[in-house]
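A short write-up of the structure that comes next.
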Amino acid sequence: MDLCFMYNLTDLDYDIVEPCSFQNNNQVERFVWLYIHSFIAILGFVGNSLVIVTYAFYKRTKSMTDVYLLNVAVADLLFVAALPLIVYNELTSWSMGPVACKVLRGCYSVNLYSDLLLLACISADRYVAIVQARRSFRLRSLPYSRVICVIVWTFAILLSVPTFYFYSWYEPLHARDDVHQWNGTSRSPQYVCEFRFYNDTVAWITKVTVPSTQLAVGFFLPLLVMTFCYTAVIVTLQRARNFQRHKALRVVLAVVVVFVLCHLPYNITLLYHTVNMFEQQECEASDALQVGKTVTQTLAYLHCCLDPVLYAFVGVKFRNHFRRIVQDLWCLGKRYISPRRFSRVTSEVYVSTRRSVDCSSENGSSFTM
Amino acid sequence: MVSVKAAVMVITVLTLCLWVTRTSAAHRECCLRYMKKKLPFFVIKGYSVQDKREMCPINAIIFHTRKGKTCTDPKLNWVMHYVNLLRNKAQIVHTEAQSNNGSFFSSS
């Protein structure tokens, strides 16, 4: 009794250090997930679908660049398809279960790597085409580019193996104990889809290696390749006397600037987070860092909506193809709609003449390959 | 027009999801640092374990006190001593319950 009393006098003002619940980040995350990610998903879906459809229907002879652009569009499309599912699961404590957890996290990682490595390949391709123009016939063949794409995807999958393997669907130990001990009422289990390991060494290595690889292969390597290739391209273009020089320069600069603006902030945050991960931290500081990560990550995601504009729609050839698709669809629509609309007024002759007038470009190839 | 409609629909659906799943984010909690002073034992109601092999960055014993949860360092002797005391307490209750099995206590 005495002991208890003593405690009461001296230690009643004990200061507790509560677990950090990242309240600011939770709010920001909810807003970003619901409104900005859905915006990115819709925009990215529309843009990249248009690219894929254009290539699927209208590209008979594909160049090396086309193969890369198509692969970037596929990677981006898979990414924006996974994004709403990830958001849905994060909001419903991963209600889609363990398989969805591994597939979605893995899918995200594969597409991240393949996307950024393909952008590096595109810069290398342009370097060969413009700077090493003499060798470009040998190096820029179609089978060659397909092999490179296969290598890129394989590499991306290999780099994502730790993600596939270590992301697990589980109830965290400390949340599980909460349910049993705290309030007798049974709460629905709160699952997460996060890393889980079997021993401390593997945990430490993976928690450091995965973000480090992402920084190295997913940012610095493409940045290095792009910087080198596009600098050489710019130098060569400066020497050339071509009337399209300025446009090409602007495109190159836009590509590099957008890449850096989208990916640099997130990667700096990721680097800072990785370096300080295992140290004791104040909740407020860590919460602020998480907010920073959420915001900069969204900026990085935005890149996959900009890819179609920066790489595909900027090209004159691609725009011509696209215009033809729209034109043909327009004609197709008319073919089915106009007979109904004008059926009372005129006969088949009217429809057929109209088609031959409006859609005359269907047979003639009005663009150059 | 179609894309605007689709956007509005998706946002509405997602917002509905948000309303439906207004859960407490307790599972997202992590201890990031430890309390410095020793805790008086009598304020502790229970404990839980945070394992760094899971989502959180450090190991911790989370004591549930009258004021709320508090993070402590499992490397410290007093922390593990408290955990053992709590275990012993639980064990005693368990044994008592077993020895009383079949008597009038179990009828409830």
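Rounded to the nearest 10 square angstrom, residue A:117 shows an accessible area of 20 square angstrom against a 1.4 Å probe. Residues within the reach of a label modelled at residue A:199 (point 7 angstrom out along Cα to beta-carbon, backbone nitrogen below 20 Å), restricted to segment B:49-91, are B:51-55, B:58-59.
Model label points for residue A:309 and residue B:75, set 7 angstrom from Cα along the Cα-to-Cβ axis, are 5.1 nm apart. Quick one: with all protein chains in place, what share of the accessible area of segment B:32-107 is carbon or sulfur, to the nearest percent (1.4 Å probe)? Whole-percent figure for carbon plus sulfur exposure: 54. Placing unit charges on the Cβ atoms only, positive for Lys and Arg and negative for Asp and Glu, gives segment A:66-148 a dipole magnitude near 500 debye about its Cα centre. Fully extending the segment from residue A:244 to residue A:232 would add 2.6 nm, taking 0.36 nm per residue of separation and subtracting the current Cα-Cα distance. Rounded to whole numbers, the Karplus 3J(HN,Hα) couplings from phi for segment A:205-210 are 4, 5, 5, 8, 5, 4 Hz, using 6.51 cos²θ - 1.76 cosθ + 1.60 with θ = phi - 60°, and x at Gly and Pro. Applying 1/(1 + (r/R0)^6) with r as the Cβ-Cβ distance of residue B:67 and residue B:4 and R0 = 45 angstrom yields a FRET efficiency of 0.30. Taking the accessible area of segment A:21-315, probe 1.4 Å, and keeping the other protein chains in place, the carbon and sulfur fraction comes to 69%. Computed over segment A:21-315, relative contact order equals 28 percent, with contacts defined as Cα pairs under 8 Å that lie 6+ residues apart. Using R0 = 25 Å, the C-beta based FRET efficiency linking residue B:92 and residue B:37 works out to 0.35. The spacing between segment A:140-161 and segment A:218-296, judged by their C-alpha centroids, is 23 Å. Net length available on complete extension from residue A:332 to residue A:18 is 106.6 nm, with 0.36 nm assigned per residue and the Cα-Cα distance removed. Taking each of B:45/B:75; A:247/B:5; A:293/A:317; A:62/A:102 in turn, the alpha-carbon distance tops 31 angstrom for A:247/B:5; A:293/A:317; A:62/A:102. The distance between label points at residue A:253 and residue A:317 comes to 2.6 nm (points 7 Å beyond Cα on the Cα→Cβ vector). In the context of the full set of protein chains, segment A:21-315 has a per residue accessible area of 48 Å² (1.4 Å probe).
The values are calculated or read from the model by the stated rules, or taken from the named source; none is laboratory data. As the structure is a prediction and not an experimental result, all values here were calculated from the model. Ideal geometry is used to build each Cβ from the backbone, glycine not excepted, and the neighbour counts take in all protein chains shown. Side chains included, ligands, DNA and RNA excluded: accessible areas come from the protein's heavy atoms. Shrake-Rupley method; radii C 1.70, N 1.55, O 1.52, S 1.80 Å.
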